[in-house]
Every structure is written in structure tokens, then in C-alpha cells.
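The structure appears below as C-alpha cells.
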Ligand SMILES: [Zn+2]
């Protein structure tokens, strides 16, 4: 699948630096041969440690009153016990699963900075190092986003005791980001950007200081995930969260606004025109009862979007894309909502997410052409859901029918990391993960 469309007998030559050196069509094969090749997809939003809560946070003492905020209490209790070795084991499993589903890079939105008592580790970047080690072991491309998180709520309210492991002032944050960048040099293809946890968790002056040091790299923020946040932002500032951000921060193509679920029409149009990416996490947003992003209206304004696995409650590139489309169908009561001119929802969705994902991760990627990163996925043309299909139908078969089982091989920066649908470290990663869960429950 090339930028101009499907092509036959394509040879992709990969340079030593992990970029695509040359793409030729209509040539004889040399080297490894695969039937169906598409660009690798970037996962624009992950909290790797939350993978270990998957399935454990569904039962709530709040019963029918359970919400995002109840889930957050469970997450705070879980986070109390995590050590760097746990985070490394959990992230290694999550990253191998991302690769097996067709994600080739992850934007890791990382806010678990300090030890269980809230003290800085001797090396402030110790948790960053655990995530970098997991990315290195799995082979996934890493865009590490250390997070500035200072307050409990709008109006610079003092952080809660449960937030002690997350909190940095802007100066400590600058030092942490610098340390993360130094550590990331050991991991091929990794890069470091900046993140603000949310408008709740920062103050305007701190935000400006973080942005002054952000340079040209990606800037991510959670925004307007919950209606309670919208109401609190209106009470604090008189503006809705996305509007406040557009009015008070230099939001442009470096930015990824994660969720942005609750926007009015004016915000939706203004965000689309800013050039920023909306980082949508359909599975997590459904799991947490957040709401449905107005993707059809936003895409009609030329808005850019990416998908992310966020809480990692279920890791699947195909299912994130399918649920993004299904949320629109359920809301608008029609089919083929995000297919655009192609008429194929899978092709339209994938095109949006490839482009927006690479942008949100700060890389030249998401397409098979010279100069892009050699992040590639081969689909299994013989899979029952693909075998009777052609061209865009292969993508429909993958995204809506087969899911992860149709992913046969994956390359990151030209290195093959998934063979026959399996990551060679998956079994070992699962064993370490089980040991980790046992020790956390002991
Ligand atoms: Zn998140």
C-alpha cells in the first residue's frame, strides 16, 4: 500500500539507519517475500503500567454509579506498589502485544516518576529507564513523553497523597526531560517529547515554562475526556477546555490533544484548523464511559487524528480502528462514516491514523516511501477473512473481521520483530509478567 495506492511486485530497500532507501514497483523479488505490505501504525497514547490492571478494574463497589473517577481510585491504589522492575516487565509485555497487533511505535505518556513514598529516585530518570529497556527488549519504536503533573485540580489545588509519585514542579520537570533524552540515546530510533498531564494538573505559568523548553518535539496533553472536566474548566476560566487551550497555548502541528471528546462545534472546527492531532483511544474511552468523539464532523473540517491504546485494557490496532468507526455508526445511525472518498471505511480510517499517528509521535513515517522510517506490517493474504478480498477489501478483512490474527510479520526501523504472527520474546515476556503480578499481589 503506497502513498498513491495499491501496487504490485513492490521492492522496499532499507538503509542501515532504519529508513526506507528506495521503493520500486513491477520488479522481481529478491530477499524476503510477503504478499500484502502496509505501513506500520503508531500508537499515539499509552500508559504501559496500566496493562497490569486490565480486567482487574471492572468490578466496582460503586456499582451502577461507577465512572472514570472510580476507575482512577482503583488505579491510584494499584500504582502504590509498582517498582521500576514491575514497570519494565509490564511494559515489555504490553509492547510485544502492540507489535503483534500491528503497532510499530508507541507514544508513552509517562507520569509515574517517583518512588512509592513520592521521593525522587537517586536517578530521576529511573522509571524512564525501565520503559526504555522495555522498548529496547521488544523492538518497538518509542516516543517517550515525560509528563508534567503538579496539581490536583483547576486553581492549582495541592496534589492528593495518591498523586505523590507523579508530581513535579516545572524546574524538576525540565531536568527529568533532559535525563530522559540522555537515556533514550541508548535505544535506536527512540525520541523524547513533552507532555502536560491535563489542564486540571497544571497551572498556566508552569505550562508556559514546559512549552518554552519543548523545542520542535511533540507536545501531548489529556483534554476534555470527561464532562466533569468541562464543567470545572468553565467554572475556573469561563472557557471550555479545548477552547481554553487554543486561546492560551501555541497549539499547532507539534501537539496531540488526547481524547478531546467533549467539544462544541466551534471547538471542533478550531481544533481541526490548528493542525494538531486528536489522539483518540476508542477502546479505553468506551471502557471508561467517556463519550464519543465527533470524528465525522472533525474529519469533514480536515482534522487530523490518531489512535492510542491508553489504559491498554485491550491491545489491538484493528479493534481501535473498528471501534472508532462503530462509535460514529452508533451515534449517526449510518454506515461507512470515516471512509471518505475511497468508499472503504478501513482504507479511510487507516489513512487518517497512519498520518496522524506519525505526526503525533514526531516521526517521518506512516507511509511506504523513500525517506520514511521502515516501519512495516505484512498481512496474511490466506487468512479466511482476507483470502477472497482485493486491495481495500484486505484492510476491511483485517480491521472489521480478522483483527490481530491477520498480522503475519512486523518490522520496526527495518528490523523484523514479529514472525508468523508471533513476537519471539512473547513467551518469556508473559512469564515475567505473571511473576510480576504474583509479587504485586503477595
Ligand atoms: Zn491517558
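Read the figures in this text as sums done on the coordinates, not as results from a lab. Since we're looking at a predicted model, the values are computed, not measured. Note that each Cβ is placed from the backbone with ideal geometry, even for glycine, and that neighbours are counted across all protein chains shown.
Quick look at the numbers
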| read-out | value |
| --- | --- |
| The stretch 214-371 - Rg over Rh from alpha carbon coordinates, Kirkwood radius | 0.95 |
| Helix 426-441 axis, angle to the chain major axis (alpha carbon atoms, nearest 10°) | 20 |
| Length released on extending from residue 153 to residue 64, taking residue separation times 0.36 nm less the Cα-Cα span | 29.5 nm |
| Semi-axis lengths, Å, the stretch 264-339, gyration tensor of Cα atoms, sqrt of 5 times eigenvalues | 20, 15, 11 |
| Sorted by Cβ density within 10 Å, fewest first, the residues 154, 400, 109 | 400, 154, 109 |
| Full-stretch length increase - residue 182, residue 265 - with 0.36 nm per residue and alpha-carbon distance subtracted | 25.7 nm |
| Stokes-Einstein D (µm²/s) once Rh is taken as the Kirkwood radius of the stretch 351-442 over alpha-carbon pairs, at 4 °C in 1.567 mPa s | 84 |
| Volume per residue that the Cα convex hull of the stretch 158-300 spans, once the total is divided by residue count, Å³ | 139 |
| Backbone N under 16 Å from the residue 370 label point (7 Å along Cα→Cβ), restricted to the stretch 3-41 | 3-4, 11-27 |
| Translational diffusion coefficient (Stokes-Einstein; Kirkwood radius from C-alpha pairs) of the stretch 141-236 at 10 °C, 1.306 mPa s, in µm²/s | 113 |
| The chain - mean residue ellipticity at 222 nm from DSSP helices (-39,500 (n - 2.57) per run, n ≥ 4, rounded to 500) | -11500 deg cm²/dmol |
| Length gained when the stretch residue 438-residue 415 is fully extended (0.36 nm per residue, less Cα-Cα span) | 5.0 nm |
| Kirkwood hydrodynamic radius (C-alpha pairs) into Stokes-Einstein, the stretch 283-442, 20 °C and 1.002 mPa s, D in µm²/s | 123 |
| Modelled FRET efficiency - R0 45 Å, residue 216 with residue 162, Cβ distances, 0.05 increments | 0.85 |
| Rounded if a/c under 1.5, otherwise prolate or oblate - the stretch 51-172, Cα gyration tensor axes | oblate |
| Cα centroid separation - the stretch 25-92 against the stretch 276-327, whole Å | 14 |
| Kirkwood estimate for the stretch 310-378, i.e. one over the average of 1/r between Cα atoms, Å | 13.4 |
| Sorted by Cβ neighbour density within 10 Å, fewest at the top, the residues 262, 383, 419 | 419, 383, 262 |
| For the stretch 112-186, convex hull of alpha carbons as volume per residue, Å³ | 100 |
| Inverse of mean 1/r across different Cα pairs in the stretch 285-329, Kirkwood, Å | 11.4 |
| FRET efficiency, residue 333 to residue 7 (Cβ-Cβ, R0 41 Å, nearest 0.05) | 0.65 |
| Centroid-to-centroid separation of the stretch 385-442 and the stretch 151-165 [C-alpha atoms, Å] | 38 |
| Per principal axis, descending, Cα span of the stretch 151-197 in whole Å | 39, 18, 16 |
| Between 0 and 90°, nearest 10: helix 68-79 axis offset from the chain longest Cα axis | 90 |
| Cα→Cβ-extended label distance, 7 Å offset, between residue 382 and residue 21, nm | 3.1 |
| Rounded tilt (10° steps) of 317-332 against the dominant C-alpha axis of the chain | 70 |
| Per principal axis, descending, Cα span of the chain in whole Å | 64, 46, 44 |
| Cα centroid separation, the stretch 1-19 to the stretch 210-259 (Å) | 37 |
| Prolate/oblate/rounded label for the stretch 1-84 (Cα gyration tensor, a/c 1.5) | prolate |
| Ratio Rg/Rh [Cα only; Rh per Kirkwood] for the stretch 225-293 | 0.96 |
